[in-house]
Structures are given as structure tokens and as C-alpha cells.
1. What are the residues whose amide H is under 5 Å from the amide H of Y205, where those residues sit 5 or more places off or on another chain and H is modelled from the backbone?
2. Among M212, M189, M13, what's the order by accessible area (1.4 angstrom probe), most exposed first?
3. Take peptides 214-220, 181-187 and line them up by average Cβ neighbours within 10 Å, highest first, as a rough protection proxy.
4. Gaussian network model of the chain, Cα springs within a sub-10 Å range: biggest mean-square fluctuation belongs to which of S113, S51, S174?
5. Show me, bin by bin at 10 Å from 0, the whole-percent P(r) of the chain based on Cα pairs.
6. Out of the total accessible area of the chain (probe 1.4 Å, heavy atoms of protein only), what percent is carbon and sulfur?
7. If you place +1 on the Cβ of every Lys and Arg and -1 on the Cβ of every Asp and Glu, how big does the dipole about the Cα centre of the chain come out, in debye to the nearest 20?
8. Could you tally the net charge around T78, taking each other residue with its Cβ under 14 Å from the Cβ of T78, Lys/Arg +1 and Asp/Glu -1?
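The values are calculated or read from the model by the stated rules, or taken from the named source; none is laboratory data. These figures come from a predicted structure and were not determined experimentally. Glycine gets a Cβ as well: all are built from the backbone with ideal geometry, and neighbour counts include every protein chain shown. SASA here: full protein model, heavy atoms, side chains in, ligands and nucleic acids out. Shrake-Rupley method; radii C 1.70, N 1.55, O 1.52, S 1.80 Å.
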Amino acid sequence: ISAMPGGPVCQGMPVTYTAVVQNVGATPQLNGYKHNIQVATGDSYIATDLSDNDKIICSLTSSANCSTPAVVTSNQITQSISPLPAITLNPQAFVVNNNAIRLTPEVSGNISSFLWTPASGLDDPTIKEPLANPITKTKYQLTVTSTTGCIAVADVTVNVSYNLIVPNTFTPNSDGVNDTWNITNLQYMNGVTVDIYNRWGRHLYHSVGYTMPWDGTYQGKPVPIGSYYYLINTSDKTTKPLVGYVLVVR
């Protein structure tokens, strides 16, 4: 018999044992054994539950006339199994306001390399414990390779949130200082919409995203001094709509 793949294999990898026979008659009987316990019939045995030092043989009962002996045993293959690395990794992590966090998996085994994918938002995707600071929610996969070439993987989703800082006053008087209503961290939030109303409920401003902050105008003309009411929505269903007022001072 022969094994494919031959030599050491990683835990859980299937190995196919194949018997080659000669001069056995028309209807030979073949049985595969692992540690003298029958595990297969026929000339092929695919094993996926092997342990290190498992011993595989095949017995043949010939149907040829005058076969002596009628039952023969194959060569023995002692299978070498390399253990997989083990990873323990919290499936969720959180970044708030661009404060990077360190990913800290627990890894056992003789490790030759680490690889995190995707690499975006990580300071070094080839180390065990990189700093993570993605702009948006990102699922990272860690692939660990042992010195014997065996691989283990684990995932972590890094959730991203921002505390919005919404000014309640700005001064659109064209002096170059505080001329627009700048909302800190709003640019990082997905699917954001901003709407502004006057005290009588007239809709003055609408923005999908917030690349151009409100400059205190309506239809190209400066709005009067006073309070204006805002509604900020995001596509993140865990974030409640923000409502409040902003005071325009000139």
C-alpha cells in the first residue's frame, strides 16, 4: 500500500491509502485496518480522523487457485500527523473616536508566521498583535502557520463608532473663523443625512454626507440671526437620530 500525500500531514487533512495487488484471482477480498481494527474494504481507504503514529495495513484474501498462503498482509504505514496551531480570539472588538486598539489573540503551537487580512487599518498585518484603527467596521481574519506548514484561522470584527461633537453656535460672518457649522467625526459615519429647519418648520438645508458643512445660507442668501433646528440620521441602526438646535450669530 501507499499513502497520498506521503509523509507527515496536518491534523484533519485527508490521506488516501491505496493497495496494489498481483496474482490474486478474479474476486480478491481486501480490508483496511487501523491499529488492527477494520476500517475499510476494497483497495482504497480515505482517512480524515488520523492521529499521530496511527498504523495502517491492508489484508488480502486471494481467490486464485492454489494460492499459498491464501491471506497475506501488506506493508505497514505509520502515519505522522502534525498538530494544527490553536487560536483563541474574541470575535468582536471596538474602536471609538479613532483610538486604535490592539488585537490580542491567544495562539499556541510552534508558529512561523502571522498574517492579518485585510491589511487596511492595521499598523503591521504580519505580527501577532497589531494595532487596529479602521475607518469603518471591518472583519479581519488571522491566518497562523506553524513551522510544519499547518494552518489555523480565526476572525474578529472591529466595530467603529464616533462620538459626534455638534456645535450649538457658529458665526457665518465671512471673517474666516467659525464660518461654517462643523460637526466633528460626522465625516466617518456611513449614510449620514443632515437636515435643518427654521422655527416655523421650513426646510432650509439637506445634505447626504457632510462634505460641505452648512454655511448659514438658504437659497444663496444668509439666514437671519436665530436658532435653527437640525436632524441628523445615519445608516447605523444602533445610532439614534440626533436632534437639537444651532444658533446662528453674525
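1. Here the answer is I196, since their amide H atoms fall under 5 Å of that of Y205.
2. On the way: M212 140, M189 30, M13 80 Å².
So the residues, ranked largest to smallest area, are M212, M13, M189.
3. Working: 214-220: 14.6, 181-187: 17.4.
Descending mean neighbour count gives 181-187, 214-220.
4. Residue with maximal mean-square fluctuation among S113, S51, S174: S174.
5. 6, 20, 15, 13, 12, 10, 8, 7, 5, 3, 1, 0
6. On the way: 7680 of 14500 Å².
C and S atoms contribute 53 percent here.
7. Details: 12 positive and 14 negative charges, 143 e Å.
Dipole about the Cα centre, nearest 20: 680 debye.
8. Values: positive: K34, K55; negative: D52, D54.
Around T78, the surrounding residues sum to 0.
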